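Have a look at the structure below before the remarks.
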Amino acid sequence: MKFTSSVYPELVVHDLGVVFHDGETEVTDKATIEALRGLPADVGVRAAGGRPPKDPATP
């Protein structure tokens, strides 16, 4: 899953082993993904992309 950091484009999260370059990083480990989602909002890290919303007209 791709994450972006608009506040700190070269952010390093040592505890998780995650390094952002130019405000982006790719993470595949589920535990790390959940940990990044739990970071405080003022750090500016958010998931990018993801699944498109399900079309309610499609069964």
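Determine ³J(HN,Hα), in whole Hz, for all residues of region 7-19 in sequence, where each value follows from phi through the Karplus function 6.51 cos²θ - 1.76 cosθ + 1.60 and θ = phi - 60°; x replaces Gly and Pro.
7, 10, x, 10, 4, 10, 10, 4, 4, 9, x, 10, 10
For Val18, what residues show an amide H to amide H distance below 5 Å, using hydrogens built from the backbone and excluding near sequence neighbours?
Those lying under 5 Å, H to H, from Val18 are Val13.
If I model a spin label at Arg46 and Glu26 as a point 7 Å from the Cα along the Cα→Cβ vector, what separation in nanometres do I get?
2.3
Throughout, read-outs are computed from the coordinates displayed, never taken from laboratory work. Keep in mind that this is a model prediction, so the values were computed, not measured. Please note: Cβ atoms are built from the backbone with ideal geometry, for glycine as well, and neighbour counts cover all protein chains shown.
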